[in-house]
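The next block holds one structure in the form of structure tokens; read it before the comments.
Laboratory data are not the source of any read-out in this text; all were calculated from the coordinates shown. All figures in this text were calculated on a predicted structure; none of them were measured in a lab. Note: ideal-geometry Cβ built from the backbone for every residue, glycine included; neighbour counts use all protein chains shown.
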């Protein structure tokens, strides 16, 4: 199954939260009772037109990484390319 650029494709996956803001992502991650380093969600950012991986780190900070697409692949910065969003996650 291919997910290239199709925002609706990832709906139904537990880690995908749709078109939410950075602040909403932060609130969702911090709402978990058992927060731990590496807790994450993927969201769509209509502001940037990209998927974003939001990850909780040990110091309780949340970092946000834009997931880029090119030629039906998904990647973060100069990292490896994947054929689908779930493969990247």
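Scanning region 11-40 for residues that are closer than 19 Å to residue 77 by Cβ and in contact with a helix residue (DSSP H, G or I) (Cβ under 8 Å, 6 or more places away or on another chain) yields a single hit, 40.
The set of residues in region 57-82 being in a strand (DSSP E or B) and either in contact with a helix residue (DSSP H, G or I) (Cβ under 7 Å, 6 or more places away or on another chain) or surrounded by 10 or more Cβ atoms within 10 Å (Cβ to Cβ) (or both) consists of 62, 63, 64, 65, 66, 67, 68, 69, 73, 74, 75, 82. Of the residues making up region 31-46, those that are exposed (fewer than 10 other Cβ atoms within 10 Å of the Cβ) and more than 13 Å from the chain's Cα centre (by Cα) are 31, 33, 34, 36.
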